[in-house]
Amino acid sequence: GSGGPRRGHALVTPAIAFALVAAAHAGFQVTVTTLVYPALVEVGPAAWDTAHARHSRRIVPLVALLYAGLVGSGGVLVLDGPDVLGWVGLVATAGALATTAVAAAPLHGRLRADTDDLRHRLLLVDRLRCSGAVLGALAATASLLTSR
């Protein structure tokens, strides 16, 4: 044979596509949780507005790309019929996205230089979001390793 995929067999299955995007999302989220947010919350009041605005402008395109990839690949995986671990990956990842929508994004909108309590809340919410992203990626990867 040519070493390529056989006729009728996809090179990248829905489960593989979702696992790859979920892994990229988890890596992104771990970076945000361990490096980006801690540095952001340490910014003093005089520089806060500028630092927060720059952070928001820089991160939004990457978030949009990752979330679109997760929704698209996750939707295709749902249509394909994931196994139990695939469902765990989908649900955990959906939880991370929902945490962004209902908690992290609104907190960002309310953050100001003098809102230490909101910054602390953002760090807590972000850890929850990171846990969902990592669990989603691990479950999606485990699904690949245990299937067929």
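Observations, loosely collected:
- Ordering VAL134, VAL12, VAL102 by accessible surface, largest first, gives VAL102, VAL12, VAL134; the 1.4 Å probe counts only protein heavy atoms, with every chain in place.
- Solvent-accessible area assigned to carbon and sulfur over the chain amounts to 67 percent, based on a 1.4 Å probe.
- Folded to 0 to 90 degrees: helix 14-31 orientation relative to the chain principal axis, Cα: 20
- Distance in nm between pseudo-label sites at ARG110 and ALA39 (7 Å out along the Cβ direction from Cα): 2.7
- Residues VAL91 and VAL60, FRET efficiency given R0 of 25 Å [Cβ-Cβ distance, rounded to 0.05]: 0.50
- Simple spin-label estimate for ALA98 and ALA53 in nanometres, 7 Å along Cα-Cβ: 3.5
- Degrees, to the nearest 10: 45-80 long Cα axis against longest axis of the chain: 20
- The candidates HIS55, HIS120, HIS25, arranged from most to least accessible area with a 1.4 Å probe in the full protein assembly, appear as HIS120, HIS55, HIS25.
- The alpha carbons of the chain give a radius of gyration and a Dmax of 18.0, 66 Å, in that order.
- Across the chain, the mean sequence separation of Cα contacts (distance under 8 Å, 6 or more residues apart), normalised by length, yields a relative contact order of 42 percent.
The values are calculated or read from the model by the stated rules, or taken from the named source; none is laboratory data. What you see is a predicted model, and the numbers here were worked out from it, not measured in a lab. Neighbour counts are summed over all protein chains in view; Cβ atoms, including those assigned to glycine, are modelled from backbone coordinates with ideal geometry. When the accessible area is computed, the model is the full protein with side chains, heavy atoms only, and any ligands, DNA or RNA have been set aside. Shrake-Rupley method; radii C 1.70, N 1.55, O 1.52, S 1.80 Å.
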